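The values are calculated or read from the model by the stated rules, or taken from the named source; none is laboratory data. All values derive from a computational prediction rather than experimental measurement. Here Cβ is always computed from backbone atoms with ideal geometry, including for glycine, and neighbour counts include all displayed protein chains.
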Amino acid sequence: MPYRQLVVYQRAYQLALEVHKKSLIFPKIEQYGLAQQVRASSKSIVVNIAEGMGKQESPAEVKRFIKIAMGSCDETRVWMEFARDLGYIEAEEYEQINDRYQEVGRMLQGIVKRYVTLQEAAR
């Protein structure tokens, strides 16, 4: 299954674009700190989904990359929490982004469960 067709990829990609754009308005002092971190972690989700799904012949590898994406999803949520608490984004914006990342995380968990089942069936 090509990764671009996955709803989770599409949602994570759109979120990464939004987070990137929002981070551009962070103060100049944060452009090489918090802003850079949030841009990197949000894009890491998308990249790891693509890389993992490219390893279809190995359910264990798919699972490994999707778990990395899950970690990046949580990391992004924490960075955005810092952005909210530092006053760089509004609480309502944070809640909307956080909810969407929670949804992406649940979708990624579903992929992991699917590939765990495939691993067990292959034994």
Quick one: Ala69 ticks every box in (1) surrounded by 14 or more Cβ atoms within 10 Å (Cβ to Cβ); (2) at pLDDT below 95 except a single one, so which number is it? (2)
Does Val7 satisfy the condition of being under 16 Å from the mean Cα position of the chain (by Cα) and surrounded by 15 or more Cβ atoms within 10 Å (Cβ to Cβ)? no
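Give me the residue from segment 10-33 that is in a loop (DSSP other than H, G, I, E, B) and touching a residue at least 24 places away in the same chain (Cβ under 8 Å) and, out of that set, farthest from the chain's Cα centre (by Cα).
Step one: of segment 10-33, the residues in a loop (DSSP other than H, G, I, E, B) are 24-27, 31-33.
Retained after the next criterion (residues that are touching a residue at least 24 places away in the same chain (Cβ under 8 Å)): 25-27.
Values: Ile25: 21, Phe26: 20, Pro27: 24 Å.
The extreme case among them is Pro27.
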Among the numbered criteria (1) of a type outside the set (Asp, Glu); (2) surrounded by 14 or more Cβ atoms within 10 Å (Cβ to Cβ); (3) under 17 Å from Met107 (Cα atoms), which one does Ala35 miss? (3)
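Okay, residues lined up against (1) modelled with pLDDT of 95 or more; (2) of a type in the set (A, V, I, L, M, F, W, C):
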{"site": "Val7", "(1), (2)": "yes, yes"}
{"site": "Leu17", "(1), (2)": "yes, yes"}
{"site": "Gln31", "(1), (2)": "no, no"}
{"site": "Leu34", "(1), (2)": "yes, yes"}
{"site": "Val38", "(1), (2)": "yes, yes"}
{"site": "Ser41", "(1), (2)": "yes, no"}
{"site": "Lys55", "(1), (2)": "no, no"}
{"site": "Arg64", "(1), (2)": "no, no"}
Against the definition (surrounded by 20 or more Cβ atoms within 10 Å (Cβ to Cβ) and either without any contact (Cβ under 8 Å) to a residue 40 or more places away in the chain or not polar (S, T, N, Q) (or both)), how does Ser42 come out, yes or no? yes
Go through segment 46-98 residue by residue and tally those that are free of Cβ contacts under 8 Å to residues at least 60 places away in the same chain, in contact with a Phe, Trp or Tyr (Cβ under 6 Å, 6 or more places away or on another chain), under 18 Å from Thr117 (Cα atoms) and not small (Gly, Ala, Ser). 3
Run Leu118 past the list (1) modelled with pLDDT of 95 or more; (2) of a type in the set (A, V, I, L, M); (3) farther than 17 Å from Ser72 by Cβ and report the number of the one that doesn't hold. (1)
